[in-house]
Amino acid sequence: MVRRIVLAAALVALAGSSTAQIVPVTPGGGGAPPAPVEPGGGGIVPGKAPGPGPESENDKAFKELLTGTWRLDLQAPPGWTAWLEFTYNADGSFSGSQISISGNPPPNNRSETKYFGTYTVKALDRSNFTLALTYTSPATATASSDILTYIDQNTLYNPRAGRNVTRVQ
């Protein structure tokens, strides 16, 4: 109970802040950052967009940080490589691909699915934010969201994937 009150007070203080105050998280033992704190238990919440309300300074700072192209290497069977590569634009739109390459000879060794849509960013605290995606293509894609942890300007940590998301230079 006390923890929730302290968290709520911290979030209210951040929401009223006139300047963004995002800070990187230092990885703990084993290289993984501590799990983000979110009311209701935290973790991934598929299909849940950030709550309504005006965009805070921290929301804007995380959105600015996210603008650009990011890559998440996926777990794949032996002999395969797979990754997601998405570009987030300052206007709130995104495009990207999920690419898989097998050990089979070309041309049957590559699979690519393209994604397009819009995104929103909502700060949870000074080091964690929710990224919510709404897809316009492919038609079968459903809205989703992930919590990401800010490590540095070129690295975010995705706890659901258990690995880092890196900026493509």
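Just so it is clear, none of the values below were taken in a lab; they were calculated from the coordinates. Since this is a predicted model, take the numbers as computed values, not measurements. So basically every Cβ, Gly included, is an ideal-geometry build from the backbone, and we count neighbours across all protein chains shown.
Assuming 0.36 nm per residue, please report the length gained on full extension of the stretch T81 to A161 beyond their Cα-Cα distance.
27.3 nm
At a Förster radius of 30 Å, what calculated FRET efficiency corresponds to the Cβ-Cβ distance of E55 and S111, to the nearest 0.05?
0.25
Work through the residues other than V168 whose Cβ is under 9 Å from its Cβ and net out their charges, Lys, Arg +1 and Asp, Glu -1.
My count for the surroundings of V168 gives +1.
Aspartates and glutamates near K114 by alpha-carbon distance under 17 Å, same-chain residues fewer than 8 away left out - which ones?
K114 reaches D73, E85.
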